[in-house]
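Notes to accompany the following structure.
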Amino acid sequence: MAKKHSFIKLLTATGFALFLSNKYIDNKSNNKNKVHSTGEFFNYKYGEVYYNKFGSGDPILLIHDLNAMSSSYEWEEIIDDLSENHTVYTIDLLGCGQSAKPNIIYTNFLYVEMLKDFIKSVVKEKAIIITSHNSGSIGVMINHMHPELVKKVILINPNDLENNSFITTQKDKLLKKCIYLPLLGTSIYNSAYTEENIKKVLRETYFYNKELGNKYFDLYYQVAHYNESKSRYLYASIRCKYTNIDIANGINDKDNIIIIESSERYNAPRICEVYQKKNSEIKIETLDNSKLLPQLETPGALIELLNKEL
């Protein structure tokens with residue numbers, strides 16, 4: 001009986017410690033004060049989707065990287081230029097930024113359907129879609145499944161085709177269940193999105209100029225933990241490969257796909273070569289002195305390329 005009581009006390013103390021730790025991170029991230037609600041919300045069946053609208057002209061829909069710490073703020077350096085001649089829509093994908101973060105399994109099909117409804121209800125005409133890194137597969141598949149809604153797809157640093165396969169193991173399924181648990185799951189998520197880990201990703205993967213990692217750290221840290229770290233549901237789906245999809249059929253026989261690849265990105269030439277082997281009609285443009293996010297790192301050079309293609 002004494003052992004049982006000791007175990008219950010230990011369990012209670014551990015749970016309380018996790019609660020305090022999670023609460024501390026929630027308060028600390030909110031103090032970064034980088035997220036401001038100035039846009040509107042689109043009512044989708046799984047929750048409200050945050051978006052902004054700028055300018056006038058033929059519509060462009062900007063889709064940020066599919067990552068729990070990403071948001072439409074990713075496009076802030078190029079919106080003014082794009083909106084001079086276009087109506088520009090930026091959107092926080094479900095599970096990200098200021099959009100709803102429901103307790104569901106996130107898949108490529110979920111996002112394709114969400115964007116289909118958004119274009120039909122809000123944009124109301126065919127749009128040029130510009131994606132960032134992991135959201136490239138979403139752009140490819142909405143172009144494939146709903147070509148009547150898409151004029152052109154521009155993929156900025158799309159994911160490696162060889163990393164898009166859908167193979168979810170029993171271990172993945174168990175991990176997903178753990179991450180979905182309130183206290184334990186939030187702690188697992190918070191341990192993945194620590195200050196140190198976010199700084200490392202920004203400096204080593206996102207930006208060629210490491211100083212930009214410091215500049216945007218507060219934003220990414222707050223977004224990662226915004227709304228009590230409920231982006232953990234999306235994180236679980238990404239980590240356990242539920243968002244992956246084989247997009248090979250989606251790029252075959254398409255003549256409206258353009259790839260903008262950063263020269264400093266790891267394996268950039270090989271990634272582009274694989275896409276062009278699948279479809280020689282895909283046009284490749286290259287940007288120097290940037291990694292995954294040229295829209296924040298070399299916005300002027302990116303705008304020059306986009307203006308040639310829009």
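The values are calculated or read from the model by the stated rules, or taken from the named source; none is laboratory data. Since the structure is predicted, the reported quantities are computational estimates derived from the model, not experimental observations. Neighbour counts are summed over all protein chains in view; Cβ atoms, including those assigned to glycine, are modelled from backbone coordinates with ideal geometry. Areas reflect the complete protein model, heavy atoms only, side chains present, ligands, DNA and RNA absent. Shrake-Rupley method; radii C 1.70, N 1.55, O 1.52, S 1.80 Å.
List the DSSP H helices in the chain whose Cα atoms stretch 30 Å or more along the helix axis and whose mean Kyte-Doolittle hydropathy is at least -0.5.
Numbers: long enough: 2-30 (42 Å, -0.14).
Helices passing the filter in the chain: 2-30.
Can you give the net charge of the other residues whose Cβ lies under 9 Å from the Cβ of L293, counting K and R as +1 and D and E as -1? Intermediate results must be reported in sequence, preceding the final value.
Working: positive: K291; negative: D65, E74, E297.
Local charge sum for L293: -2.
Please label the shape of region 69-150 as rounded, prolate or oblate, based on the square roots a ≥ b ≥ c of the eigenvalues of the alpha-carbon gyration tensor (a/c under 1.5 means rounded; beyond that, a/b larger than b/c means prolate, else oblate).
Details: a/c = 1.70, a/b = 1.15, b/c = 1.49.
In terms of gyration-tensor shape, oblate.
Ratio of alpha-carbon Rg to the 2.2 N^0.38 Å globular estimate for the chain, to two decimals, please.
1.03
Compute the length gained on full extension between K171 and A248: take 0.36 nm times their separation in residues and subtract their Cα-Cα distance, giving the result in nm to one decimal. Before the final figure, lay out each step's value.
Numbers: separation 77, 0.36 × 77 = 27.72 nm, distance 2.67 nm.
Between K171 and A248, full extension yields an extra 25.1 nm.
Express the accessible area of the chain per residue in Å², computed with a 1.4 Å probe while the remaining protein chains stay in the model. It would help to have the intermediate numbers written out before the result.
Details: 14290 Å² over 310 residues.
Heavy-atom SASA per residue in the chain reads 46 Å².
Is there a quick way to get the dipole size of region 36-170? I mean about its Cα centre, with the Cβ of Lys and Arg at +1 and of Asp and Glu at -1; what is the value in debye to the nearest 20? Mind dumping the intermediate values first?
Details: 9 positive and 17 negative charges, 110 e Å.
The dipole of region 36-170 has a size of about 520 debye.
Quick one: pull the percent of accessible area on the chain belonging to carbon and sulfur, 1.4 Å probe, ligands and nucleic acids left out. Spell out each step's value before the answer.
Values: 7220 of 14290 Å².
Roughly 51 percent, rounded to a whole number.
For region 114-238, state what percent of all Cα-Cα pairs lands in each successive 5 Å bin, counting from 0 Å until the bin that includes the largest distance.
Going from the shortest bin to the longest, the percentages are 2, 9, 14, 14, 17, 19, 15, 9, 1.
What residues of region 283-302 lie in the reach of a label at N209, counting those whose backbone N is under 20 Å from a point 7 Å from the Cα along Cα→Cβ?
From region 283-302, the list is 286-302.
How would you classify region 243-307 from its alpha-carbon gyration tensor, with a ≥ b ≥ c the square roots of the eigenvalues: rounded for a/c under 1.5, else prolate if a/b is greater than b/c, otherwise oblate? Let's see the in-between values first.
Working: a/c = 2.03, a/b = 1.64, b/c = 1.24.
Prolate, since a/c reaches 1.5 and a/b exceeds b/c.
Can you tell me how region 161-227 classifies by the Cα gyration tensor, rounded, prolate or oblate, using a/c under 1.5 as the rounded cut?
On the way: a/c = 3.16, a/b = 1.43, b/c = 2.21.
Oblate, because a/c is 1.5 or more while a/b does not exceed b/c.
Please give the calculated 222 nm ellipticity per residue for the chain, where each DSSP H segment of at least 4 residues contributes -39500 (n - 2.57) and the sum is spread over every residue; nearest 500 deg cm²/dmol?
Numbers: 13 runs with 141 residues, N = 310.
After summing the helix terms and dividing by the residues of the chain, the value is -13500 deg cm²/dmol.
Determine, from the Cβ-Cβ distance of N289 and T38 and an R0 of 35 Å, the FRET efficiency 1/(1 + (r/R0)^6), rounded to the nearest 0.05. Walk me through the numbers before you get to the answer.
Details: r = 31 Å, r/R0 = 0.88.
It comes to 0.70.
Report the antiparallel proportion of the DSSP beta bridges in the chain as a percent, rounded to a multiple of 5. Working shown, then result.
Values: 9 of 34 bridges.
Bridges in the chain are about 25 percent antiparallel.
Along the principal axes of its C-alpha atoms, what lengths does region 54-197 span, in descending order and rounded to whole Å?
48, 32, 28
Mind checking the dipole of the chain: about its Cα centre, +1 per Lys or Arg Cβ, -1 per Asp or Glu Cβ, Debye to the nearest 20? It would help to have the intermediate numbers written out before the result.
Values: 37 positive and 37 negative charges, 386 e Å.
Computed about the Cα centre, the dipole is about 1860 debye.
Give the Rg/Rh ratio for region 225-280, taking Rg as the radius of gyration of the Cα atoms and Rh as the Kirkwood radius, to two decimals.
Details: Rg = 15.8 Å, Rh = 14.1 Å.
Dividing the radius of gyration by the Kirkwood radius yields 1.12.
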